[in-house]
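The values are calculated or read from the model by the stated rules, or taken from the named source; none is laboratory data. A quick note: this is a predicted structure, and the numbers were derived from the prediction, not measured. Cβ atoms come from the backbone with ideal geometry, glycine included; neighbour counts cover every protein chain shown.
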Ligand SMILES: NC(=O)c1ccc[n+]([C@@H]2O[C@H](COP(=O)([O-])OP(=O)(O)OC[C@H]3O[C@@H](n4cnc5c(N)ncnc54)[C@H](O)[C@@H]3O)[C@@H](O)[C@H]2O)c1
């Protein structure tokens with residue numbers, strides 16, 4: 001199996017590539033190493049992929065993905081993860097979300113229509129904000145008030161309505177783990193504790209999340225890869241799957257776990273909800289469980305793995 005991954009130096013791209021390499025699958029892909037967050041962290045992931053797994057991350061942009069046509073045409077499928085993430089940030093720079101997530105994705109769609117390879121692409125749980133819980137793929141997505149949410153819903157429409165025969169959209173639920181994204185809750189809380197600065201807690205802590213350890217996410221993607229590759233080439237298949245842990249955790253319990261791992265706390269600033277926030281997320285994972293998915297990392301184990309990595313990587317206590 002040979003797989004081309006966009007956003008390969010990102011959090012989920014990095015962990016998926018490692019996971020797939022261990023299965024003996026060949027991985028290649030691209031990333032534009034943009035500076036939305038710490039570029040050194042992206043480079044560190046790429047360095048590990050090269051040194052430990054022999055994987056090269058091509059420094060390229062999805063807007064020009066047609067330049068990788070030769071390399072991609074030798075692959076069995078494409079996993080499209082490259083995107084601007086984060087609903088809160090998308091209020092500040094909506095155009096970036098339109099450019100990369102929608103226009104950039106359209107370039108991916110066009111090349112895949114030409115090459116007729118199956119595609120697995122990243123959507124997000126955000127498209128279900130406000131709908132009755134737990135969120136099922138059978139229910140309709142909701143109204144989106146932020147460019148990240150609606151750009152990802154547009155991605156689903158782009159692939160479902162494309163001429164590509166086999167596509168799977170994945171709605172990830174709050175991924176976390178080592179080499180994670182610095183704009184996620186666990187990272188921001190760890191930074192606050194470690195630096196002794198104020199921890200901002202939105203909606204006064206009244207939030208629940210379906211936090212999903214990134215290794216479980218990689219395992220979920222593996223299940224969908226095996227499934228899409230088992231389908232007949234000319235079968236029209238455009239499905240959406242949730243990848244979550246399948247359980248809710250109170251935000252303040254998550255904070256407790258992080259504090260436990262540090263053995264200390266910091267000042268908390270309880271503020272109102274951000275307009276992009278949803279009070280609760282919760283994945284119904286029945287559909288992907290039918291493909292063999294079984295998440296196994298509890299929040300306490302996952303938080304411990306993250307904090308151990310964080311302390312070592314940043315040389316902090
Ligand atoms: N992490 C989560 O909790 C989560 C939840 C829901 C959905 N997702 C989706 O999963 C995917 C991966 O997320 P992640 O958490 O690994 O984010 P990430 O930001 O770590 O990874 C995305 C990567 O894409 C790259 N990229 C961005 N624009 C690009 C472009 N124009 N050309 C080439 N590369 C580009 C970035 O440099 C980055 O390395 C994204 O599509 C995201 O929207 C993630």
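Summary table below
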{"quantity": "Residues of the range 77-97 satisfying the condition of being within 12 Å of the ligand (Cβ to nearest atom) and either within 15 Å of residue 145 (Cα to Cα) or outside any helix (DSSP H, G or I) (or both)", "calculated": "79, 80, 81, 82, 83, 84, 85, 86, 87, 89, 90, 97"}
{"quantity": "Qualifying residue in the range 300-308 (condition: part of a loop (DSSP other than H, G, I, E, B) and within 18 Å of the chain's Cα centre (by Cα))", "calculated": "no"}
{"quantity": "Residues (in contact (Cβ under 8 Å) with a residue 40 or more places away in the chain and within 13 Å of the ligand (Cβ to nearest atom)) located in the range 67-76", "calculated": "68"}
{"quantity": "Candidate set: the range 13-34, residues that are within 11 Å of the ligand (Cβ to nearest atom) and surrounded by fewer than 18 Cβ atoms within 10 Å (Cβ to Cβ); chosen: the one nearest to residue 219 (Cα to Cα)", "calculated": "33"}
{"quantity": "Residue 226 vs. criteria surrounded by fewer than 18 Cβ atoms within 10 Å (Cβ to Cβ), touching a strand residue (DSSP E or B) at 6+ places or on another chain (Cβ under 6 Å) and modelled with pLDDT of 95 or more", "calculated": "no"}
{"quantity": "All positions within the range 30-49 that are out of contact with any helix residue (DSSP H, G or I) (no Cβ under 7 Å at 6 or more places or on another chain) and within 19 Å of residue 68 (Cα to Cα)", "calculated": "32, 34, 46"}
{"quantity": "Which listed residue is farther than 23 Å from residue 76 by Cα, in contact with a helix residue (DSSP H, G or I) (Cβ under 8 Å, 6 or more places away or on another chain) and touching a residue at least 12 places away in the same chain (Cβ under 8 Å), from 215, 198, 222", "calculated": "198"}
{"quantity": "Test for residue 132: is it in a loop (DSSP other than H, G, I, E, B), more than 9 Å from the ligand (Cβ to nearest atom), more than 27 Å from residue 229 (Cβ to Cβ) and under 19 Å from the mean Cα position of the chain (by Cα)", "calculated": "no"}
{"quantity": "The range 196-220, residues that are closer than 30 Å to residue 138 by Cβ and part of a loop (DSSP other than H, G, I, E, B)", "calculated": "206, 207, 210, 211"}
{"quantity": "Residue among 168, 193, 164 that alone is within 16 Å of the ligand (Cβ to nearest atom), in contact with a helix residue (DSSP H, G or I) (Cβ under 6 Å, 6 or more places away or on another chain) and either outside any loop (DSSP other than H, G, I, E, B) or on the phi < 0 side of the Ramachandran plot (or both)", "calculated": "168"}
{"quantity": "Sole exception among (1) more than 7 Å from the ligand (Cβ to nearest atom); (2) assigned to a helix (DSSP H, G or I); (3) in contact (Cβ under 8 Å) with a residue 60 or more places away in the chain; (4) closer than 16 Å to residue 225 by Cα for residue 4, by number", "calculated": "(2)"}
{"quantity": "Residue 190 under 19 Å from residue 14 (Cβ atoms), touching a residue at least 12 places away in the same chain (Cβ under 8 Å) and out of contact with any strand residue (DSSP E or B) (no Cβ under 7 Å at 6 or more places or on another chain)", "calculated": "yes"}
